[in-house]
Structure formats: structure tokens, C-alpha cells
Amino acid sequence: MFREIASFEVRFHLRQPLIYISIGIFFLLTFLAITTDSVQIGGAIGNVNRNAPYVIMQLMLVMSAIGVFVTTAFVANAVNRDFELGTESLFFSTPMSKLGYLGGRFAGAFGVSLVVFASVAVAILVGSLMPWLEPERIGPFTALPYAWAFFVLVLPNVFLTAAIFFSLAASTRSMLYTYVGVAGFFVVYTVSQAFIQDIDSEKIASLADPFGFAAFFITTKYWTVFERNTMVPPLSGMLLANRLLWMAVGAAILALSFARFRFAITGTSSGKKRRKGGQAGQDAPMTRVALPDAATTPVVRDFSAVARLRQFLYQTRVELGGIVRSVPFAILVLLGILNTIGNAFGQQQMYDTGTWPVTGSMLRVIGSAFVLYLFIIIVFYAGELVWRERSLRLSGVYDALPVPDWVFWGAKFTALVVIIELLFAIAGLTTIGFQLGKGYSNLEPGLYFEGLFYQGAWAFLLTAILAFFLQVALNHKHLGFLLMTALFVLFFAMPSMDFEHVLYRYGIAPPRPYSDMNGYGHFAAGLFWTNLYWTFFGAALLLAAHLLWARGTETSARWRAILARRRFGTAAIAASAIALAGFLGTGTWVFYNTNVRNEYRTTKQREAQQAAYEKSYKKYQRLPQPRIVSAKADVDIFPERRAADIRGRYEIRNKTAAPIS
């Protein structure tokens, strides 16, 4: 029975979207950390190889801790599913052992969790093969670091967290209490680490860290670059003791859970509800309700614009509720919050000097820590929304309703847009809470609004448009996921291949640094026109999605092309003309300001210019030169027009012993 239940558990999770979302998240995060310096996991890679054994071990260790929510989702679902579906009576009345039932459930969920974390190793391997990386920063492939990191660091961590939260779910029989336990676990872990830092003994710190961070970093803290590029730590000493200790703790918790588990539904919330319902059904008197005669009840047919608007708003509410109440959404949001808080702590130092968590700094934290989760949510739920009725086999019912196409797809896309705004609000509230926790009260709500709901949300609105269009046009959910992810990676990799211009990198805006003196300054204008340029293009994509929207049982490409021609009426022609004119007009304006009024240079051209400067003037570096010994200046700065008026004098003196030619 153990084998059958474990096998069923694996097959069940392989049919669910959560495992593929998790694999996509972990793969993409690790891939970006290996291939670009803009994404960091556990700190910058530094001057070692990008695929150095130390980097492999550090990334896999950090991701095993970040993935606690994912592991919990698998193991908690495994033990709670029967209670949620009401099938526990069927299983509990079947002659089986606790090892067969609980052990099979745990083993299947634990195995699936390991598959997710194996994607981290695959991402490191694939990322190190990318052609835009510097060849001198890529070391030779060796399997030992991958195997060592997986079996010594990842497997014990996943086993420990799986055992803890499987046991918690089995005892409470509640997903809510299980996730509350996860949050409590991280709080206790964070507090304990703060106390451990005050203890001089490294042995206590090494043993007390359940994830093994302290043991690993203490073991490797004096390694040279050569050692980090070539070695793995010996499995001995405090590192071995830490791994054995916490594996034993996980096994003990799991054994205690097995011992306390009872094949009974007494005390479960679902059982109480059924008993209450049954008791009410037995004791309550029968009540006869008079129903109106369907033949005589008048039916009001309303096809007005107001009725269409009500249908649109109701359908938007349905689509939005489906997203917000889903478990993957909650997991992704919690991961994003944790990553944002962790990055906020990292922003508290500048050149070994403490800094206040000013709002501009917090916006940079959100931009580096939260937006990747937002991208994943957009891509995943674009597919889920487009395919929801077909996945539930309700598309025939919906498609037969006398409702315009735009009501259905418009509600789905609007729900996606609302989710973007909601997530930015959550990110903002997270950093505001961090600021208040650090005793900083100058929150600057206006800057939060501009940075999140204007600059940030606009970029992700364009992302949502592209993801939605690909799902409709390709008419294949997983192919849409794959192509959107590939395009996301391509847009960020294009500068490494000398394709940097914003006119052909969809949704990519020019840099817009913020300063407390100048705000966004003149950068805001470039952002506005570039985003407007891509918004017109996005409007054309939405129009194409409307024309290609699948409705009915026939969804072949040929039939949808016929439907598109029928839908391309006067309104569609006018909308496409406006989108095309706006796209060409704003694109011309962006090109004029970027390439005509200014000299456009790529990164490699700027680097070549710097190299030419050094080659031309390096030879004068050691010649005798006069030195400024006194300076007085009156400077009036005008940030709004990028100007400064400077008046003053320099006193220059020859401080050498020889005349200056």
C-alpha cells in the first residue's frame, strides 16, 4: 500500500500546475542569478567563476531555504486533501497501516519537492552555457559540486521542513494553521539567529542553524578564490554534525506525528460541519416553499450597454476572486514578501555605513526583489484565466451565453491588471512596515504612488498584455508559458548581444534613476514616451486577442482566422488605425530624441570610447602637472532644467621641482 499511495501522490502532483510554476520560478531565479548581476541570491557572485563549486553550493543552499513555502504546499496538500474533498472516510475504512497511508503521502510529496529543487542545479548548468557570458568566468563542468550540494545541503533541509509541516498539517488538518506555522517558524528562526550572533562560540552557531547556513559559511569563510573555484567542503566536523542533528530532528518529528495520528474524523472541521448539517437535517421540521411558475414568470431581456457593463463587472469579480483565493497565489505573494524584507535588510549598509530606509531606497528594493514574483504571477495567471472555462469543461456553457466576446476576455484581462496593482500595494505596504520597524517615519506616499502605481505598474501592464496575447494566439497554455519565459530572458539578454535600443525591446524603458534632490528628473519624460510607444503596440495585441478569441467547440487555427475576419468590422478597423498611428508617431518621436537630437551609443561603443581615451592620454599620467591648491566657488543648481551656474576661482601651483612645459 505504501508504494501505491506514494506513486499516486507523485502522479497527482505532476498533474497540478503548482509543480510547474515552482520549477519555473526556481529555474528562472537561478538562471538570472548565474547569467546577470542584476539578480542576486545570497549575495553577489564576486570574482569567482559563475559556475564555481562555491557558487553552486551557495545558490542551492539559499534556494532550499527560500522554498519552504513550496515544500509546505506539497506536503500539507498531501495530508489535508482527503479532509478537504471529504474522502477521508473512504480511506480510513480501508484496512491499511499508518506507514502505508501517511508514509506514502509523505514520500510522494517529499519526492516531488526534491524534483523542484533539482531545477536549481539544471538552471546553473544551463546558465553557465549561455553565449553572452565571459568565457574566462566559466570553469570546467564537474558533477561533484552538484551532487554534494543536493545530498548534503538541499535534501536534509527539504526533509526537515517537509517533516515539520507535514506533521503540523496532520495534527491540525488545516492549511491555514499550517501556513501560520510556516510564518512562525521563520520568525523564530530569525530571532534565534540574532541571538546566536552574540555568542562567541562558532560551534553553537553551527549546530543551532537548521538550514546549515552557519556551518557552511564558517567552514568556507577563509577559502581563497582558487579554493572556491575548485573545492567542496569535507563532510566532517560541525558541518556533518549539523546535518545529522537536524535530519534526526526531522525524523523524530515525523515519528511522533505517525504515533499520534488516528484514523478518525472526530474533531476535524469538515466532520463537525457534516455532523452539524446532519443533525440539522434530522431535527429541523420540513418547510414547504412555494416556487413561482416558470411558465408565467416574465423574463426581461436586456441587451443595453448598462447590462453589458454589469455583466463585465460581475465577470471581473469572479475572475479576480478565483486568483486571490488560490493557493499558488498566496505562496508566491509570501515568497515575494520574504524576499523583499531580506533585500531591505541588505540596503541598510553603504560602504560599511548604516543608512536610513528612505523611500527611494525601498523602491529599489521592490524593483530588485519583488518584481520577478510579479512576472511569474502574471505569466501563470494569464494562462489560467484564458483556459479556466476549458479546464473546468464549462466553455460550452459560457460560449452559448448571449454575451459579447469582449465581456469575457475583457474581464479576464482586467482581473490581471487589478492583480498587478494589488501586488504593488502589497509590496509597498511591506516596505512601509519595514521603514516603521526601523524607526523611520518619512514615508513619502506620493513617491510610493509614482514609483509603484505609475512607473512600475505601467511596465507590468505591458507584460500582462503580451502574456495574455500569447495565450490567446497560440491557443496552448504551456506553450504560452514557455514562449513568454523565453521572450523575458531574451529581452534582458539582448544588450549582451549588442541589441540595446528601446524601440525593439518590448516593454523595456530607459533607465530612470531617482535621487532625493532631483526626483526622477528628466528621465520621467523618456519613460513616458517609451511606455506610451509600447502601449499603442500593446493595444494592437489586445485587438488581435479579441479577433482570435476562441469561442465554441471548434478552436482550430483555420476556424479562428475565419472568425477574426468576421469580427474585423468598423470598430476594429478604427481601433487598429488609432493603435498603428500612435505606435508610429510615438516611435518616431522616441527615435528623434534618442538618435537625432542626441548621439546614440551602445554599451560596447562607450567602452571602446573609454579605452581609446586611456590609450590616448595614459602616456601623460606621470608628467609634471600643476595642482589646485585652493578653490572657491558659488554654485547655483537648477535640477528642473538640468543646469548649474558656477562662479569662482582656482589657485593653481607648480608643486614639482622642475618647470612645467
For this session: Mind counting the residues in the stretch 155-173 that are of a type in the set (S, T, N, Q) and surrounded by 21 or more Cβ atoms within 10 Å (Cβ to Cβ)?
Result: 3
Exercise. Going by the conditions given, is PHE166 modelled with pLDDT of 80 or more, within 29 Å of GLY108 (Cα to Cα) and among the aromatic types (Phe, Trp, Tyr)?
Worked result: yes
Exercise. Checking SER556 against (1) within 30 Å of ALA539 (Cβ to Cβ); (2) small (Gly, Ala, Ser); (3) modelled with pLDDT of 85 or more, which single condition isn't satisfied?
Worked result: (3)
Exercise. For the stretch 51-74, how many residues meet the condition of being at pLDDT 90 or above, open to solvent by less than 10 Å² (accessible area, probe 1.4 Å) and part of a loop (DSSP other than H, G, I, E, B)?
Worked result: 1
For this session: Among the residues of the stretch 486-541, write down those that are over 16 Å from LEU461 (Cα atoms), among the β-branched types (Val, Ile, Thr) and in a helix (DSSP H, G or I).
Result: VAL489
Problem set entry | Residue tally, condition free of Cβ contacts under 8 Å to residues at least 60 places away in the same chain, among the small types (Gly, Ala, Ser) and surrounded by 15 or more Cβ atoms within 10 Å (Cβ to Cβ), over the stretch 422-480 | 1
Exercise. In the stretch 130-154, which residue that is within 25 Å of the chain's Cα centre (by Cα), open to solvent by 10 Å² or more (accessible area, probe 1.4 Å) and at pLDDT 90 or above is nearest to PHE216 (Cα to Cα)?
Worked result: PHE150
Exercise. Has the stretch 386-398 got any residue that is open to solvent by less than 20 Å² (accessible area, probe 1.4 Å) and at pLDDT 85 or above?
Worked result: yes
Exercise. Does PHE638 count as at pLDDT below 90 and over 30 Å from ASP399 (Cα atoms)?
Worked result: yes
Exercise. What about PRO624, is it assigned to a loop (DSSP other than H, G, I, E, B) and open to solvent by 80 Å² or more (accessible area, probe 1.4 Å)?
Worked result: no
Problem set entry | Residues that are under 28 Å from VAL418 (Cβ atoms), surrounded by fewer than 24 Cβ atoms within 10 Å (Cβ to Cβ) and of a type in the set (Phe, Trp, Tyr), drawn from the stretch 351-383 | TYR373, PHE375
Exercise. For the stretch 208-245, what are the residues that are part of a loop (DSSP other than H, G, I, E, B) and aromatic (Phe, Trp, Tyr)?
Worked result: PHE211, TYR222, TRP223
For this session: Mind listing whichever residues of the stretch 591-607 are open to solvent by 70 Å² or more (accessible area, probe 1.4 Å), under 22 Å from TRP132 (Cα atoms) and either modelled with pLDDT of 90 or more or not in a loop (DSSP other than H, G, I, E, B) (or both)?
Result: LYS604, GLN605, ARG606, GLU607
Problem set entry | Selected residue (only one of VAL116, VAL182 is crowded, with 24+ Cβ neighbours inside 10 Å, closer than 18 Å to SER22 by Cβ and either modelled with pLDDT of 95 or more or β-branched (Val, Ile, Thr) (or both)) | VAL116
Seminar exercise, completed: Scanning the stretch 301-319 for residues that are among the charged types (D, E, K, R) and more than 38 Å from the chain's Cα centre (by Cα), the one surrounded by the most Cβ atoms within 10 Å (Cβ to Cβ) turns out to be ASP302
Problem set entry | Those helices (runs of 4 or more DSSP H) lying entirely in the stretch 325-411 with at least 1 residues aliphatic (A, V, I, L, M), in contact (Cβ under 8 Å) with a residue 40 or more places away in the chain and within 29 Å of VAL75 (Cβ to Cβ) | 327-346, 371-391
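The values are calculated or read from the model by the stated rules, or taken from the named source; none is laboratory data. Keep in mind the model is a prediction, meaning the values are calculated, not measured. Every residue, glycine among them, receives a Cβ derived from its backbone with ideal geometry; neighbour counts consider all protein chains shown. Side chains are part of the model used for accessible areas, which takes the heavy atoms of the whole protein and leaves out ligands, DNA and RNA. Shrake-Rupley method; radii C 1.70, N 1.55, O 1.52, S 1.80 Å.
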